[in-house]
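Beneath this line is the structure, given in structure tokens, with notes to follow.
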Amino acid sequence: MAIDLSHPPEVQRLAERTRAFIRDRVIPLDDANDGDITAAGGDALRADLQREAREAGVFAPHAPVEYGGHGLGMSDRAPIFEEAGYSLFGPTALNIAAPDEGNVHMLAHIADPEQKERFLAPLARGDVRSAFAMTEPAPGAGSDPSALTTRAVRAEGGWRINGHKWFITGADGAGLFIIMARTSGEPGDRGGATMFLAPADTPGIRVGRHIDTLDRSMLGGHCEVFFEDLLVPDSAVLGAVDRGFEYAQVRLGPARMTHVMRWLGAARRGHDVAVSRVAERRGFGSRLGDLGMIQQMIADNEIDIAATRALLTRACWELDRGEPAANATSIAKTYAAEAIFRIIDRSMQMCGGLGVSADLPLARLSREVRPFRIYDGPSEVHRWAIAKRAVSAAKRAQKDAE
């Protein structure tokens, strides 16, 4: 069977334009502001960068063509998102930052025509930002979404929602919320969740404090959000009632892979910075890049970059075929989250004291990529799921052999 890992010429050209746009326009702003997008200008900066991305022809590579995007599938998104991720501000500039990118993907697949016009169209254009409200403080939904406690009950004309969420990325300044709430069953039940769409200015939505975290590159922070007698109409239901957990998989698997794409770009930048440094820095009678220990770190970085790309390619291939790809995405996400951190960490080590200073981007890249081992499922949860599937497959094979 022939295997072709190349991308169509138009995708290659888009990747080249994205690379030039990021390096010429976006990286200087990133470097001047230590990767802190809020301090750099927040939504005003976002609007400016997205306007320039449109002019450069690189805006919204993931969004449907009818909403102003390039309509790329998962596999063809990979090189574009990686180039965008070379700068911490790059994903925001292209309108492919989390959570908006994942929400565009999900709305394109699940929303009805009216919802697409009202919510998807402005989000894809970059007119508004969004938030995906699922995670809750203990004992609510976290790594185990079945612990969902936010509840929606039938009310005259629609649904009344009450609940407390936290770590809701982009909530401050979001124009719309996608809310996961329990509509049947009890916390711990595997089903019974429903997704609801609500404009951010709907009475009953209150954004609370920013939770102070390591990372600074995601616009709108990671916030607490309170839903207090939030009344939404039946038309606010995204998809069907009680199928929210099922629909979440439409978003979560692809969103994990686009995270990998973006952070791989960041890791590549860290590696490039370190290799450039050790190629010219001299010590102990030679260039650092000629020393065996440094060469091992360079080689290990190259291996981690190549392995991450390979696992990502496999997972995206499965997603593009319409397969659930649960195991492939868990494997790729777990490996990538840890490999990307290793790449940045080695790069810092190669650059010595300069590596932990603000004179190079490595310290802030380390700050940004470390949470990825927790966001979108901790490594331990993904390992548990991978092992569980392997044991289940072995049990089925034993049963079939009997």
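Residue by residue, here is whether (1) under 24 Å from Asp112 (Cα atoms); (2) touching an Asp or Glu at 6+ places or on another chain (Cβ under 9 Å); (3) surrounded by fewer than 21 Cβ atoms within 10 Å (Cβ to Cβ) holds:
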site: Pro145; (1), (2), (3): no, no, yes
site: Trp166; (1), (2), (3): no, yes, yes
site: Gly185; (1), (2), (3): no, yes, yes
site: Thr202; (1), (2), (3): yes, no, yes
site: Ser235; (1), (2), (3): yes, yes, yes
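Every residue in the stretch 174-213 that is among the charged types (D, E, K, R) and in contact (Cβ under 8 Å) with a residue 40 or more places away in the chain, please.
Matches in the stretch 174-213: Asp189, Arg190.
Identify the residue in the stretch 132-141 that is out of contact with any Pro (no Cβ under 6 Å at 6 or more places or on another chain) and crowded, with 18+ Cβ neighbours inside 10 Å and, among all such residues, is farthest from Glu186 (Cα to Cα).
Ala133
Can you find even one residue in the stretch 354-371 that is free of Cβ contacts under 8 Å to residues at least 12 places away in the same chain, open to solvent by 50 Å² or more (accessible area, probe 1.4 Å) and within 18 Å of Leu88 (Cα to Cα)?
yes
Looking only at the stretch 1-28, filter to residues that are small (Gly, Ala, Ser) and over 14 Å from Glu82 (Cβ atoms); which one of those is most open to solvent (accessible area, probe 1.4 Å)?
Ala2
Check Ala93, Ala108, Ala78, Ala47 and return the single one that is open to solvent by less than 10 Å² (accessible area, probe 1.4 Å), assigned to a helix (DSSP H, G or I), of a type in the set (A, V, I, L, M, F, W, C) and more than 24 Å from Phe226 (Cα to Cα).
Among Ala93, Ala108, Ala78, Ala47, only Ala93 is open to solvent by less than 10 Å² (accessible area, probe 1.4 Å), assigned to a helix (DSSP H, G or I), of a type in the set (A, V, I, L, M, F, W, C) and more than 24 Å from Phe226 (Cα to Cα).
Return yes or no: is Gly35 of a type outside the set (Val, Ile, Thr), assigned to a loop (DSSP other than H, G, I, E, B) and open to solvent by 10 Å² or more (accessible area, probe 1.4 Å)?
no
Determine, yes or no, whether Val381 is within 19 Å of Val273 (Cα to Cα), open to solvent by less than 70 Å² (accessible area, probe 1.4 Å) and in a helix (DSSP H, G or I).
Judged against the criteria, Val381 is not a match.
The values are calculated or read from the model by the stated rules, or taken from the named source; none is laboratory data. Worth saying up front: this structure is predicted, and the values here are computed from it rather than measured. Virtual Cβ from ideal backbone geometry, glycine too; neighbours counted across all protein chains shown. Surface accessibility is based on the protein's heavy atoms, side chains included, excluding ligands, DNA and RNA. Shrake-Rupley method; radii C 1.70, N 1.55, O 1.52, S 1.80 Å.
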